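Enquirer: For reference, the structure I am asking about is given below.
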Amino acid sequence: MTKIYDFKALTSKGKELDFKDFEGRVLLIVNTASKCGLTPQFEGLEKLNRQYRDQGLTVIGFPCNQFANQDPGSDSEIEGFCQLNYGVTFQMMKKVDVNGSEAHPVFKYLKEQTRSMLFGSRIKWNFTKFLISRDGETVKRYAPTTTPGKLEADIRQMLGLQ
């Protein structure tokens, strides 16, 4: 059976990131955009990152320009924007597609794991969030409008802090 740990992706600097390196950690994977009404969520994502990374949380942002061209910059421009405006220290990845035939395999997998009547198989907008348990088995999906702070109880539970 495929798990998140079977995938690889490129960081914003073009280095290969092997998800196998995250075995035993809780992952929060988000498709992001720097020119979206939801862009201020970077602040909440960074807060979660700082608060829980030492307990085993890894936050990973995948920029995506598929929704109203809200992330048109280069990978380095996007990363710089996130660091300058929101103090982002979590891993930003190379820009990807999350829907369609060119969707990154990580997002094909995440969508398949969370397919439901509510979500269907498509990502509807920027800042869709996926929370993956330490064993890579449980994947929870959150709507773009669900603020990062609303994930805290689930993160704490997956980290074994409750």
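The values are calculated or read from the model by the stated rules, or taken from the named source; none is laboratory data. If you're wondering where the values come from, they're calculated on a predicted model, not measured in any experiment. Here the Cβ positions follow ideal geometry from the backbone for every residue, glycine too, while neighbour counts run over all protein chains shown. Areas reflect the complete protein model, heavy atoms only, side chains present, ligands, DNA and RNA absent. Shrake-Rupley method; radii C 1.70, N 1.55, O 1.52, S 1.80 Å.
Enquirer: So what is the 222 nm mean residue ellipticity for the chain from helices alone, if each DSSP H run of at least 4 adds -39500 (n - 2.57) and you divide by all residues, rounding to the nearest 500 deg cm²/dmol?
Expert: Helix contribution divided over all residues of the chain: -7500 deg cm²/dmol.
Enquirer: Between the DSSP loop rule and a limit of at most 12 other Cβ atoms within 10 Å, which GluC sites (Glu not before Pro) in the range 61-141 are left? All intermediate terms of the calculation are to be shown ahead of the outcome.
Expert: Values: sites: 77, 79, 102, 112, 137; in loops: 102, 137.
Sites meeting the loop and neighbour criteria: 102, 137.
Enquirer: I want to check the label-to-label distance for residue 3 and residue 143. Put each point 7 Å from Cα in the C-beta direction and report it in nm to one decimal.
Expert: Spacing of the two 7 Å Cα→Cβ label points: 3.2 nm.
Enquirer: Just the number, please: carbon plus sulfur as a percent of the accessible area of the chain, 1.4 Å probe, no ligands or DNA/RNA counted.
Expert: Carbon and sulfur atoms account for 48 percent of the accessible area of the chain.
Enquirer: Computed on alpha carbon atoms, what radius of gyration and Dmax characterise the chain, expressed in Å?
Expert: 14.4, 40
Enquirer: While we're looking at this one, here's another question. At what distance in angstrom do the alpha carbon centres of the range 97-162 and the range 51-74 lie from each other?
Expert: When both Cα centres are located, 12 Å separates them.
Enquirer: Go ahead and set up a Gaussian network model of the chain, Cα springs under 10 Å, then flag whichever of 75, 97, 54 fluctuates most.
Expert: Looking only at 75, 97, 54, the largest GNM fluctuation is found for 54.
Enquirer: Which of these, 100, 136, 73, has the largest mean-square fluctuation under a Gaussian network model of the chain (Cα springs below 10 Å)?
Expert: The residue with the greatest mean-square fluctuation here is 100.
Enquirer: Additional query: In whole Å, what are the Cα extents of the range 120-162 along the three principal axes, biggest one first?
Expert: Extents along the principal axes: 31, 22, 12 Å.
Enquirer: Same structure again: When the Karplus curve 6.51 cos²θ - 1.76 cosθ + 1.60 is applied with θ = phi - 60°, which whole-Hz ³J(HN,Hα) does each residue of the range 22-39 get, with x for Gly and Pro?
Expert: So the Karplus estimates, Gly and Pro as x, are 9, 4, x, 10, 8, 10, 10, 10, 9, 8, 10, 8, 8, 10, 10, x, 8, 3 Hz.
Enquirer: Here is a follow-up. Per residue, how much accessible area does the range 1-103 have with a 1.4 Å probe, in Å²?
Expert: 47
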